[in-house]
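Here's the structure we're looking at; comments come further down.
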Amino acid sequence: MTVTWEEPGWERITAHVVRRRLPGWDCTVGLVLGAGGVLAVDAGSCLAEGAGVRAWAERTAGARVTHLALTHAHFDHVLGAGAFPDARVYGAPGVGAALTGGREELVADAVAHGLDARTAREAANALPGAVRETRGELALDLGGGARAVLAAVGPGHTGHDLAVLVPGDPAVVLCGDLVEESGPPQAGPDAVPSRWPAALDRLLALGGEDARYVPGHGAVVDAAFVRAQRDALAVRFGVSR
């Protein structure tokens with residue numbers, strides 16, 4: 001399947017946070033809109049998707065995408081990253097190595113899931129060479145009252161999971177694939193199942209009881225959903241609580 005960009009239908013979550021569920025793999029991309037810049041959270045599965053996200057942000061917010069946070073290094077979340085050449089790119093420790101040393105694996109995984117091989121290769125060749133790896137938490141001020149906190153809360157879904165907290169009333173947490181709503185959480189060969197429930201504990205501590213949690217795939221959920229998924233993962237992977 002060759003992915004083409006469609007005019008996005010964005011979901012506004014708060015005054016500063018919007019997101020879109022991209023076609024194909026139902027992957028979430030989020031934007032934190034500030035007066036001085038925009039933070040994109042994940043980049044889509046190809047350069048066309050990433051370019052569409054960037055263009056929509058610039059047209060709608062009137063500000064360029066200055067920061068890009070990658071929640072983890074799976075093809076549907078990162079292969080659009082080359083469409084943000086001027087953005088500072090952030091990830092949890094290990095993401096940089098996955099992008100530079102794991103490009104063949106990203107291409108193979110994308111093609112296995114149906115992405116056109118030429119599209120996947122072009123996107124992989126354009127991946128950023130430098131990632132600012134976040135240990136613990138890192139606060140970003142995007143201007144106009146828009147702030148974001150990047151938090152390395154993994155491992156879990158992968159060995160390098162990053163979440164993004166946008167403080168507010170309500171707070172918003174962009175979870176990556178630590179949380180999935182449209183289907184059971186996917187645990188591939190790079191998952192760390194024994195530590196996934198603890199990662200969700202950290203996610204809940206980050207956002208709190210009243211936050212809105214944005215999964216990597218699926219509809220926005222609440223803290224009760226995240227707790228239930230944490231408990232289900234503990235049972236599924238035999239992790240004692």
- Classify the stretch 51-148 as rounded, prolate or oblate from the Cα gyration tensor: take a ≥ b ≥ c as the square roots of its eigenvalues, call it rounded if a/c is under 1.5, otherwise prolate when a/b beats b/c and oblate if not. oblate
- Task: Please compute the net charge surrounding Ile13, taking Lys and Arg as +1 and Asp and Glu as -1 over other residues with Cβ under 13 Å from its Cβ.
- Result: +2
- Note on the structure: For the stretch 7-141, the accessible surface attributable to carbon and sulfur atoms (probe 1.4 angstrom, ligands and nucleic acids excluded) amounts in percent to 48 percent
- Query: Taking only protein heavy atoms and a 1.4 Å probe, what accessible area per residue, in Å², does the stretch 182-241 have with all protein chains in place?
  - Reply: 48 Å²
- Item | Cut-off under 5 Å, modelled amide H: who pairs with Thr158 long-range | Val192
- Listed candidates (1) 51, 46, 30; (2) 44, 41, 30; (3) 51, 46, 34 - label of the one calculated as Cα extents along the principal axes in Å: (2)
- Query: Hey, what did the stretch 148-241 get for relative contact order, percent, Cα under 8 Å, at least 6 apart?
  - Reply: 29 percent
- Note on the structure: Which residues qualify? For Gly102, with a placed amide H closer than 5 Å and at least 5 residues away or on another chain, they are none
- Message: If packing is taken as the average number of other Cβ atoms within 10 Å across a peptide's residues, how do 201-207, 50-56 rank, most packed first?
- Response: 50-56, 201-207
- Query: Under 5 Å between amide H atoms, partner at least 5 residues away or on a different chain: which partners does Val18 have, H built in plane at 1.01 Å?
  - Reply: Ile13, Leu31, Leu33
- Item | Note, ³J(HN,Hα) from phi for the stretch 90-106, Karplus 6.51, -1.76, 1.60, rounded to Hz, x at Gly and Pro | 10, x, 6, x, x, 5, x, 5, 5, 6, 8, x, x, 5, 5, 5, 4
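The values are calculated or read from the model by the stated rules, or taken from the named source; none is laboratory data. The model shown is predicted, which means the values in this text are computed figures rather than measured ones. Heads up, the Cβs are rebuilt from the backbone with ideal geometry, glycines too, and the neighbour counts pull from every protein chain shown. Accessible surface is based on the protein model in full, side chains and every heavy atom, while ligands, DNA and RNA are left aside. Shrake-Rupley method; radii C 1.70, N 1.55, O 1.52, S 1.80 Å.
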